[in-house]
1. Has region 246-260 got at least one residue that is within 25 Å of residue 29 (Cα to Cα) and buried (at least 24 other Cβ atoms within 10 Å of the Cβ)?
2. Within region 293-323, count every residue that is touching a helix residue (DSSP H, G or I) at 6+ places or on another chain (Cβ under 6 Å), assigned to a helix (DSSP H, G or I) and either assigned by TED's automatic domain parsing to the domain that holds residue 366 or closer than 20 Å to residue 189 by Cα (or both).
3. Being in contact with a strand residue (DSSP E or B) (Cβ under 7 Å, 6 or more places away or on another chain), in a loop (DSSP other than H, G, I, E, B) and over 23 Å from residue 455 (Cβ atoms) is the filter here; which residues of region 149-182 pass it?
4. Do we have any residue at all in region 247-260 that's part of a loop (DSSP other than H, G, I, E, B), within 17 Å of residue 131 (Cα to Cα) and either in contact (Cβ under 8 Å) with a residue 24 or more places away in the chain or not assigned by TED's automatic domain parsing to the domain that holds residue 180 (or both)?
5. Which one is nearest to residue 181 (Cα to Cα), of the residues in region 331-361 that are part of a loop (DSSP other than H, G, I, E, B) and either over 30 Å from the mean Cα position of the chain (by Cα) or in the same structural domain as residue 183 (by TED's automatic domain parsing) (or both)?
6. Which one of these does residue 185 not meet: (1) part of a helix (DSSP H, G or I); (2) touching a strand residue (DSSP E or B) at 6+ places or on another chain (Cβ under 7 Å); (3) buried (at least 18 other Cβ atoms within 10 Å of the Cβ)?
7. Does region 196-214 hold any residues that are over 20 Å from residue 281 (Cβ atoms) and free of Cβ contacts under 8 Å to residues at least 60 places away in the same chain, and which are they?
């Protein structure tokens, strides 16, 4: 268990015995936990509704609401909060009732301190497992690029040496580069070579989050904070507790969220939407963008103090066209990766002519485009070698050409298609809905720019966030 991730529970303690409250108020912080103490069930419920806790320790017998009633109320508003009940009577019936209602465990009073420490460790382990599961789900949704950093050119070797130097620290790193150059891959390498490797790596694309939900996604919210907030929810900062949070496209955050990010970097504290009290999380933040931050600062769309705070170290990834010498190694690595996924015993070879064609391409989509090209070529080649005819966008002589070379985009190959809105757009004679026209045109422009979303957004004349929302609609059908 990673020590970083197993510490720092937020605990709600409720008991009508003043001496016991004083002990918990004094001793729990010495173990690295935050504790809020109450003397009755009603005030404990109000505290749970206003803020969020990892654990609630409740006396069974309290004035007003008893421990069982408080357990039910807490579980309704905050299912993620674990609840432990204290009882002065070793009653099996009470224990069974509590467990059926969702209690984590119960302790008989007077409980031994060693027993409580063991129980706190178990709660922390369950919390960390839940965070890792949520982080894995997030990672699977956002995972892209090769799992290892490949490159023998001097520029890539220098980047690998910098990663080796910076990874063991908790320093913030700003990763710069065009779309598809492998910024998330560098962030994963930094995490996996750090002391936080046992914790969660949580990647989040700031540009893909709905604007009205960005703050809630990052920092979480309490029940009732806004319409639709039916229960307390952890944000991605909490999910990454003890590990690394990777903020891709950090330049898409608005000024208000930039202030909140800066506050966390300076204090280590976050505050859920709708809550008044901040709390600490132990998270290393890595950031990336393909935008020009100094230009954004000049345009007053990015805070200069945040820029200085997030780039203690700066890693600038070169585009693939500037590291053509890495092509053979990258192609070999991608072929082996795709062959392993498909269960192929022997990966296909690439002919010299195919390598020459690959080297002549300008690679506007960088390594991500190369990965798509390689996977497509392997499917077309079957069990044979990869030749120029298996490469996309090839002319009869085998030369690769950019998707924008002709300045046209064809939508679909339906017979009897009729040209509409100029040579860039074709729809079937049977017609299609306006929404389908929009979605197919967006898809075509993305293909034209080889998946480069900022370039596609510029041609479409829409904001990058709007494009991400359209893509989400397209994927959802």
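The values are calculated or read from the model by the stated rules, or taken from the named source; none is laboratory data. Keep in mind it's a predicted model, so treat the numbers as computed, not measured. Note: ideal-geometry Cβ built from the backbone for every residue, glycine included; neighbour counts use all protein chains shown.
1. Going residue by residue through region 246-260, those that are within 25 Å of residue 29 (Cα to Cα) are none.
Looking for residues that are within 25 Å of residue 29 (Cα to Cα) and buried (at least 24 other Cβ atoms within 10 Å of the Cβ), one finds none in region 246-260, hence no.
2. 1
3. Looking only at region 149-182, we keep the residues that are in contact with a strand residue (DSSP E or B) (Cβ under 7 Å, 6 or more places away or on another chain), and these are 159, 162, 166, 170-177.
Filter again for in a loop (DSSP other than H, G, I, E, B), leaving 170-172, 177.
Of everything in region 149-182, those that are in contact with a strand residue (DSSP E or B) (Cβ under 7 Å, 6 or more places away or on another chain), in a loop (DSSP other than H, G, I, E, B) and over 23 Å from residue 455 (Cβ atoms) turn out to be 170, 171, 172.
4. Of region 247-260, the ones part of a loop (DSSP other than H, G, I, E, B) are 249, 253-254.
When the remaining residues are screened for being within 17 Å of residue 131 (Cα to Cα), the result is none.
Scanning region 247-260 turns up no residue that is part of a loop (DSSP other than H, G, I, E, B), within 17 Å of residue 131 (Cα to Cα) and either in contact (Cβ under 8 Å) with a residue 24 or more places away in the chain or not assigned by TED's automatic domain parsing to the domain that holds residue 180 (or both).
5. The initial filter retains those residues of region 331-361 that are part of a loop (DSSP other than H, G, I, E, B), namely 342-349, 351, 361.
In the following step, the residues that additionally are either over 30 Å from the mean Cα position of the chain (by Cα) or in the same structural domain as residue 183 (by TED's automatic domain parsing) (or both) were identified as 344-349, 351, 361.
Working: 344: 27, 345: 29, 346: 28, 347: 24, 348: 25, 349: 24, 351: 25, 361: 15 Å.
Looking at residues that are part of a loop (DSSP other than H, G, I, E, B) and either over 30 Å from the mean Cα position of the chain (by Cα) or in the same structural domain as residue 183 (by TED's automatic domain parsing) (or both), I get 361.
6. So the condition that residue 185 fails would be (2).
7. Filtering region 196-214 down to residues over 20 Å from residue 281 (Cβ atoms) leaves 205, 207-208, 210-212.
Selection gives 212 alone.
Residue-wise test of (1) modelled with pLDDT of 80 or more; (2) part of a helix (DSSP H, G or I); (3) in contact with a helix residue (DSSP H, G or I) (Cβ under 9 Å, 6 or more places away or on another chain); (4) surrounded by 15 or more Cβ atoms within 10 Å (Cβ to Cβ).
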position	(1), (2), (3), (4)
102	yes, no, yes, yes
107	yes, no, yes, yes
115	yes, yes, no, no
135	no, yes, yes, yes
